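None of the figures in this text is laboratory data; all of them are computed from the coordinates on show. Since the structure is predicted, the reported quantities are computational estimates derived from the model, not experimental observations.
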Amino acid sequence: MPSMFAQRYRFLVLGTVLLVLIGRLHGEPGQPAAYLESLERAGKNRSQLEAFVVQASRDHGEFGGRAARFLIRFMSEGDLQSLDLEFLSENLNYAIRAKAEFPWGEAIPESIFLNDVLPYASLDEPRERWRPGLYETSKAIVADAETIAEAVQSLNRELFNVIDVHYNTGRKRPNQSPSESIKQGRATCTGLSIILVDACRAVGSPTPEMDAEVINARIMALEVRLLTHPELAGEDTVKPRMRHLLEKLVPNE
């Protein structure tokens with residue numbers, strides 16, 4: 001007959017096993033159910049996402065792990081099933097690098113960083129590795145900036161001339177990635193919005209008031225005005241008017 005100690009040991013083991021199983025069914029401790037559901041939806045690409053979390057935690061500690069899980073939690077199904085370890089790690093590494101490098105970075109709350117700096121896309125544009133190139137370009141433009149507002153104003157004033165991309169309805173499609181717009185030298189409201197938001201993110205600026213959809217709506221208003229007033233469609237007029245619209249979105253300090 002089993003001793004009392006043996007019986008208690010068996011109950012302890014059984015209880016531990018049950019807790020583990022319950023944890024897997026209802027989410028691991030500290031892991032939102034949405035994150036675990038995203039891993040399930042990733043299908044064959046799940047191993048890439050799990051490796052991303054491991055590498056982010058190894059390279060950037062607990063903060064990196066949280067950031068990686070946040071991205072996975074809110075990724076679209078198409079991104080969950082296609083974006084690999086290299087893409088995701090580069091995006092996260094550059095975002096954290098910008099947070100540490102620029103003077104406004106350390107003051108940005110984690111929730112703002114996760115929502116407004118870390119994302120690798122704004123809308124449904126083609127996914128691409130835009131951070132390295134826009135980091136180098138934008139870093140030079142904001143070199144003298146000491147605040148987020150100064151950085152955004154500098155980018156808004158200089159970026160499109162530096163990369164030689166301007167408003168032009170002859171672009172191939174509205175939701176272009178940064179490289180597509182740069183290659184053509186032209187973009188309309190959505191494409192310009194995407195470039196500006198990505199450039200801000202590249203230097204660690206959350207610009208919460210410069211959401212791509214908000215900028216998009218403002219520039220669409222300009223498009224309507226140009227359609228109803230063709231005499232304003234000259235390039236010298238379009239640029240200042242677009243600049244005026246975008247400047248209204250710069251956060252005040």
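Summary table
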read-out	value
Calculated on alpha-carbon atoms, Rg and Dmax of region 104-144 in Å	12.2, 33
Ellipsoid equivalent to region 31-120 - semi-axes via the Cα gyration tensor, in Å	23, 13, 11
Sequence-separation-based contact order of region 31-120, relative, with Cα cut under 8 Å and 6+ spacing, percent	31 percent
Scattering curve values for region 128-194, log₁₀ I(q)/I(0), Debye with Cα scatterers, q = 0.19 Å⁻¹	-0.73
Enclosed volume per residue, in Å³, of the convex hull spanned by Cα atoms of region 78-166	112 Å³
